[in-house]
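Scroll down for the structure; my scribbles are underneath it.
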Amino acid sequence: MGSDLKKFVNPKFLKTIDLGLIEELFARHFEPEDVPIHFDGEDSVVRSALAKHFEAAVTAWNRGIVADLHRVADLGSNEGMQIILNEARRQGVVLYPDPETDEKESAPARHDPKHVALHTYLHHKSVFEAAADFHALRAPTALAEFRGPERDVSADLTAEITEAFKVASMKLFARDLQGEYCRLGPYEEDGEINLVVSHGAPVATTPVVDGDREKIIPLRAVKYATLRYSPAEARLFIGGVAKAQQADLAEIFARQILGRPGFFSGKDARDLYTLDPISEAGPDFAFDHRYDDRILDVRIVAAAADQFEWDEAEGKWRYVRSWVSKDPAGALRHFEGSEVRFGKGWRLGEISFRVFMKSEGKRPAQVTVRLKPPGTLAFRRTRFEKAIHTLIARHGLEKDRDAGMVVDAAE
């Protein structure tokens, strides 16, 4: 984290940032007589003092300023600024209501993403908090996925329902020694329910400089738990949550938001994906992407085959070893002529494939996807997310819930 903050608070940032913003930031965490920087001097003198102040190790900085800068740094990028601008537009907020100090300046420094993030954090907190929530929703690459036993199960996000969810979530995180701070951001977008739960992380201790000696202080950072729910598919995605807490949080969502306790606890709730169609096709398997003209190519760049043996004594299959192939040009081809024989004690355990998408730039956009049954589908959630899910479903790699429901009904 320290290196990330050093990159954010770099010399260019300190030479161009609005000193009024930095003064406000310091005023949040120091009494007037204790502020280590005198902001009433010449700009060059103040900036020189700031540079010297931030040359120290991050562990020596004020803890409150460190916490604030971590939050600002998360949105201090071009992508983060676009999220801020979208949210400001949604809320009807004008970030800079005053006219430019110099209308002839075509590229004012205060429009730099880092500066916009700090300005929004200090002056438009509701916009910043919502933008931080949407950034958190995009961030996780590996999401825990749960599927309910029936489709079209919706919810009404009333204040009472969301408050009950917040209280139950806070108890879950507090139980695992993550503190009692909890903030909930509920959003509905494109027919989906999005919940972002800001909560405390486990306490970490770090050494800091106190005068001429070193001391150890405890720190509790802010973490984001994200939940996305599609009522049409009755599918819940959870990100940013420890594996041991995922099922509990899914149950809290089912109980408090849907009013359906146990909705995500069925035997098929996490049994979502399969690699059987690839195993059956063998090394010659290839994704057919001709149905979508946005997709230029799909390559399986890594694959792992797992060998199992039947254990007579225990009456179950026992894992023996794995055979891994990695090749950016096509990993499956290396199974040809190898010892791997799918269906004879060998199973395809997981694959990673790279999808090349048309983009406005000179090079194609790339999305790398890791698929490991029964429930892991990991990739950076981008504007191509629906295209990835469609690609998987069209090739039979997503289990058909409706077929299972028909069988259950017949039985």
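Structure notes:
- Here the dipole of the stretch 1-137 is about 500 debye; that uses its Cα centre as origin and unit charges on the Cβ of Lys and Arg (positive) and Asp and Glu (negative).
- Charge dipole (Cα centre; +1 on Lys/Arg Cβ, -1 on Asp/Glu Cβ; no other charges) of the stretch 1-61 amounts to roughly 480 debye.
- Surface accessible to a 1.4 Å probe, Glu24 within the full protein complex, Å²: 70
- In terms of accessible area, using a 1.4 Å probe and ignoring ligands and nucleic acids, Tyr273, Tyr319, Tyr224, Tyr291 rank largest first as Tyr319, Tyr291, Tyr224, Tyr273.
- When the pairs Lys12/Lys326; Lys6/Lys223; Lys114/Lys243; Lys125/Lys166; Lys6/Lys372; Lys52/Lys243 are compared against a 31 Å limit on Cα-Cα distance, Lys12/Lys326; Lys114/Lys243; Lys6/Lys372; Lys52/Lys243 fall above it.
- For the set Glu233, Glu280, Glu360, Glu31, solvent exposure ranked by accessible area (probe 1.4 Å, protein chains only) runs largest to smallest as Glu360, Glu280, Glu31, Glu233.
- Computed accessible area, Ile388, all protein chains, 1.4 angstrom probe, square angstrom: 0
- Charged neighbours of Ile295, selected by a Cβ distance under 14 Å, balance to +3 (K, R count +1; D, E count -1).
- Surrounding net charge for His38, when Lys and Arg each add one and Asp and Glu each subtract one, Cβ distance under 13 Å: -4
- Short-range pairs are left out: with C-alpha atoms under 8 Å and at least six residues apart, the relative contact order of the stretch 1-137 is 31 percent.
- The residues of the stretch 1-137 present an accessible area of 55 Å² per residue when probed at 1.4 Å with all protein chains retained.
- Net charge in the neighbourhood of Ser352 (other residues with Cβ under 14 Å of its Cβ; Lys, Arg +1, Asp, Glu -1) is +4.
The values are calculated or read from the model by the stated rules, or taken from the named source; none is laboratory data. Remember, it's a predicted structure, so these values are computed and weren't measured experimentally. Virtual Cβ from ideal backbone geometry, glycine too; neighbours counted across all protein chains shown. When the accessible area is computed, the model is the full protein with side chains, heavy atoms only, and any ligands, DNA or RNA have been set aside. Shrake-Rupley method; radii C 1.70, N 1.55, O 1.52, S 1.80 Å.
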